[in-house]
Structure formats: C-alpha cells, structure tokens
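Report on the following structure.
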2 protein chains.
Amino acid sequence: MKLPSFFEEDLQAVDAALQKLLPSEATRPSSIHKAMRYSVFAGGKRVRPILCLESARIFSEDVSAAMFPGCAIEFIHTYSLIHDDLPALDNDDLRRGKPTCHKQFGEAAAILAGDALLTLAFETIAAAPVDADRRVRMVTEISTSAGTVNGMVGGQVADIEAEGKVAGPEMLEYIHRSKTAALIRASITAGAICTGATDQDVARLRSFGETIGWAFQVTDDILDVEESSAALGKTAGKDIAQQKATYPSVFGLERSHQIAKELSEKAISELAPYGEEASRLREIAEFLVYRRT
Amino acid sequence: MKLPSFFEEDLQAVDAALQKLLPSEATRPSSIHKAMRYSVFAGGKRVRPILCLESARIFSEDVSAAMFPGCAIEFIHTYSLIHDDLPALDNDDLRRGKPTCHKQFGEAAAILAGDALLTLAFETIAAAPVDADRRVRMVTEISTSAGTVNGMVGGQVADIEAEGKVAGPEMLEYIHRSKTAALIRASITAGAICTGATDQDVARLRSFGETIGWAFQVTDDILDVEESSAALGKTAGKDIAQQKATYPSVFGLERSHQIAKELSEKAISELAPYGEEASRLREIAEFLVYRRT
C-alpha cells in the first residue's frame, strides 16, 4: 500500500521537532542523551505524532502546537519499546532491523533512557504554547492512557500474564485496548484538545481513536503471522512462539481480517461530520489497518 | 536525634493520601498494583512530601492541595529506588530492611512498577485542586528535576559513570545536586507554587531546597561510612565497595561534616524572612542534616 503523500511531509516535520526537543548528544551526561536519541531515531513510522497533527488539522490550519503532545507521545512510545525489549521482558535483540537499546548501550543505560524519555514527555507537554488549561487536560489524557488502569502499562502486564494461558475474547480485548489503543487514542484526543476542539468533538475523536487503535493492534497480530521478519524489521512469528494472546490465535486469520475491517469502518464513520477536513485522518486510518509491514 | 513531633502527623496524612491515590490491589491488573503499593509502603520516611507540605504551610494554613505534588514526588522517588535496585544497576536485594521490588515480584514487574509510578506522578499533579497555571508550573518543575539535564536521572548516570574513577569536587557536586538535591528542591518549590507563592518567594524557596537537598546527600554519604547496615536498613559501606564518588572519599569525614553543616546553615538563612511561619521547615532541615539513619 502506498503511503499517503502528506505522510512524508508530516514525518519530516515530526523528526525535526524531535531533534529540537531532545537534549543534544553534547549535553552532559552525554551517554544518556546518545541512548535516548538512538532509540527515538531508530526508524519509527511516527504514527502517533502524525495522528496527533492530523487530528488537530480538523480544527485549525495551524497545527504547530500539536507537535508538542505529538512528540511527547512518541517519547512515551519509544520508552515503552526500550523497556519491552529488555531481557527481563521480551528479550529482543532487534528492533526495526537495528540492535535494541540495551544491546547497543547496555541494560542500565536502556532502563535509564526509557525513564528519561517518559519524564521528558511530560516536560514537553507542559511546554506546549497553548493555555494552561489545555496543557493540563493533555497531561491527564496522556498519563492515564500510558498508565496501569486501562492504559499501556496495564495492558503490557495483562499481556505478560496471559502468556501460555488460554485467553478469552474479553481478556484479549482488554489487552489490545489497553496496551496499544489507549496511547493511539490519546494521540488523537491530545491533537483535538490542543487545538481547542469542543468537548463534543473531543468525545467523537476519542471514540475514533479508541477504535482505530484497536484495529491497528489486530492488524499487528495478523502481520506477525503473515509477514516475514525481514518485512517487519522485527522477529516475526514471536507471538506464537511466546504463546501470546492474539486475534489470530483466538479467532483465526480470516475472522481477524474481518474484525480489523469492521473496526476500521466503525472508526471512520465517527469522522463523517468533518467531511473534507478529516480526509487525511481517514487516509491514515485506512493505511494503519491495511498496511503490510 | 528526636523527630519533630509534627513530623509524625504529616507522615500519617501523607500515608493516607498515598493510599487513596494508588489504585487498589483489586484493580486490574492486580499484580502491578501490588508491586507499586509494596514499594511505596516499604517504610519510606516521606521526607519529600513532608517538605512539600511544610513549604506550602509558609504561605497558607490549608495545605491539602500540596498533598498532590507531594505524593507525586514520593511516587517518583519510589520509582527511582525500584529501578536503581535492579540487577543491571545497583543490584540490591534489600531496601529499608525488606526485599527489593524485583526480589519480591521479579524483574519484569519491578521495571513496569517503576514506569507506572512515574506515570502516575504526572496524573496526580494534573489532578491537584488548584488552577491550571499552577499545575502546569508544577509539572515543569518536577519533570525537569527528575530528568537528565541537571536532574535526577542525569545525576544517576553521572554517578554510575564516575564509579571506579577519581571524581573531582566539581563532578561530585554535579552528581549530588542532580541525583538528590534536584528532586528535594522540587518538593519545596512545588509546595510554594501550589499555594500561590510569589515568584520571589518561589525563588527563595528554590535556593533553600537546592542547598538543603545537597546537604542531605552529603549526610547520606557520611552515614554510609559511619553507620551499620542494621541502623540504615540498607547495605552500609556500599559506596566504598562500589568506588562511588562521595564527599568522605574526596574530602574526608571531618571536612564532610563541616560541609554538611555549612550548607545547612546557608539553606536555613534563606528562610529568615518567614520568621515563625517557617519554623517547621527549619526543624526538618536540621533533622535531615543531623540525622543518624
């Protein structure tokens, strides 16, 4: 599937913003800033910041302020990958085809670089050039989506606990909605909040974000079965090897494709009131669900 | 040294607030909330939240809102201990006389419990019942003090890098001011900001906090040499064993005592304009520097 053309433009703008927001390698202590930068610039697709920007674009032509929560969420996403890859967790040597942070810099550095990125995320939100009320609402939205109660860390814990057990559809849904969908939802709501969307609009975007995030993780499960490690830039077939709770393992491949399609259509229907203003967000949503890597 | 009597009252109020702010053990996923609660309630002295409350008390009789940043900083302090104790970092089995988080729950749980506490800290600040502007200023103050540039994680990294090397006084000062003093300073400034202190007052309290935090770490170094493991509830003599950069190793014990005393006096002189209103903060400052455990 071809990337939407504006995607590349957004991606470059996000990378430039991340460059500015991260302390330089020369800043003391240099080693931690090297490790943070290594992982942030290890080839991420920038899905979350781009979603944040394109959600903001529905409500304003100037989306520059939304770069702050967008980059903050990319820092959180990166920290979660660094810590997930550690030997005590997924014990992964490769991420996007490159050595993982702890393989490159050692475990201590990887733990601290993750901690530092999570901390920098909140410093970044607090620095967004919008009124304090919006900044506080973004801190709440993003911290809860990254936390333990229906948030990313909670989903990660449930995912580990479900390994090797037979997970039912309800547990599977809980894991996917918490582990992945919550932070994707926050990317989208933060873009809307940052740009001054009404509560009603934020609620609508929240529903879109929740559902498209869920579809995104179902697609991830499918790709782990269908694609090669080379195409994914990470170890394929790992879910099966680790006996993870996944959509293909519970529902089979065919039904999983159907679920991803249904979720995606439901998500996109939430954008109907915005017409052309939401055309980019619609394109990204389809890309996320029908991608092959 | 006898604890100031109000200390016990503050401590109980802080523990009650922490109980409310932490998700219950029954909240799904239960295992992470157990690990978070285990470490938060492992017998900490609550120095940071008490400093936050007593800093707030200079400016207002009602310090209940300051409990939010105070507890947030206790979450950050606890996360830093959990991660520091990990095998890849200090590899400590005991903390305050009890098994460390990873000894009790395993490494994966300890990494995630630390991440979750750091995340919860910012959710907690954003929930403080004060206007949004103050909450944002507290997020900035606390995130920078916990970060890499002159903050806690930066100090921790510099500390690890200095192991086994000969650290000069300048590096020693950098490590102590970043690793310990920064978060103690933030406890004190957050209490002032939360209660609506003027910029001038916040600046004065910042100077007090910075200096008393520094003295606190010098005292910590001294106790590691002078006291037994039983008295400290953690392994004594560890700094020497790990060849850490400490005040006694660079300046000797006698001069270290003198430095702690000088810093403490300098810090307390900052409180002169507040007279009786700051008497509790003065008592705590003296306790922190002249304590024996």
**Report entry** Residue range of chain A that is longest and free of trypsin sites (Lys or Arg not before Pro) which are both DSSP loop and sparsely packed (at most 11 other C-beta within 10 Å)
**Finding:** A:3-164
Query raised in the report: How far apart, in nm, are two points set 7 Å out from the Cα along the Cα-to-Cβ line at A:Arg291 and at B:Glu170?
Result: 4.6 nm
**Report entry** Modelled FRET efficiency - R0 45 Å, A:Asp199 with B:Ser5, Cβ distances, 0.05 increments
**Finding:** 0.40
Requested in this report: Report, in debye and to the nearest 20, how large the dipole of region A:104-215 comes out about its Cα centre when Lys and Arg carry +1 and Asp and Glu carry -1 on their Cβ.
Outcome: 240 debye
Query raised in the report: Suppose R0 equals 30 Å; then what is the FRET efficiency for B:Glu283 and B:Phe41 from their Cβ-Cβ distance, rounded to the nearest 0.05?
Result: 0.75
Query raised in the report: Which residues in region B:43-68 place their backbone N less than 14 Å from a point set 7 Å from the Cα of B:Asn150 along the Cα-to-Cβ direction?
Result: none
Report summary line: For region B:136-293, the dipole about the Cα centre with charges only on Cβ (Lys and Arg +1, Asp and Glu -1), to the nearest 20 debye, works out at 200 debye
Report summary line: Computed over region A:5-290, the Cα gyration tensor eigenvalues, each multiplied by 5 and square-rooted, give semi-axes in Å (largest first) of 27, 26, 16
Query - Within chain A: Cβ-based charge dipole about Cα centre, in debye rounded to nearest 20 (Lys, Arg +1; Asp, Glu -1) - result: 460 debye
Query raised in the report: For labels at B:Ala241 and B:Gln104 in the simple 7 Å Cα→Cβ model, what's the distance in nm?
Result: 2.1 nm
Report summary line: Check: C-alpha center region B:8-58 vs C-alpha center region B:177-209, spacing in Å is 21 Å
Query raised in the report: If you take the C-alpha gyration tensor of region A:214-293, multiply each eigenvalue by 5 and take the square root, what semi-axes do you get, largest first, in whole Å?
Result: 27, 14, 8
Query raised in the report: How many percent of the alpha carbon pairs in region A:63-111 exceed a separation of 15 Å?
Result: 48 percent
Requested in this report: Pairs of Cα atoms under 8 Å, at least six residues apart: use those to get the relative contact order of region B:5-290, whole percent.
Outcome: 19 percent
Report summary line: The Cα radius of gyration of region A:131-265, divided by 2.2 N^0.38 Å with N its residue count, comes to 1.13
Report summary line: Projected convex hull area of the protein assembly as shown, Cα atoms, direction-averaged, in nm², equals 25.0 nm²
Report task. Please average, across the residues of B:88-99, the number of beta carbons from any other chain that are within 10 Å of each residue's own beta carbon, and give a whole number. Result -> 1
Query raised in the report: What Kirkwood hydrodynamic radius do you get for region A:154-199 when you take the inverse of the mean 1/r over all pairs of distinct Cα atoms, in Å?
Result: 12.0 Å
Query raised in the report: Rg to Rh for region B:117-176: what is it, with Cα atoms only and Rh by Kirkwood?
Result: 1.17
Query - Whole-number D in µm²/s for region B:1-135 (Stokes-Einstein; Kirkwood sum over Cα pairs; 10 °C, 1.306 mPa s) - result: 103 µm²/s
Requested in this report: Would you work out which of A:Ala110, A:Ala42, A:Ala267 lies farthest towards the positive end of the dipole of region A:5-290, given +1 charges on the beta-carbon of Lys and Arg and -1 on that of Asp and Glu, about the Cα centre?
Outcome: A:Ala110
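Bear in mind that the values in this text are calculations on the coordinates, not laboratory data. No experiment lies behind these values; they were computed from the predicted model shown. Reconstructed Cβ throughout: ideal geometry from the backbone, glycine too, with neighbour counts over all protein chains shown.
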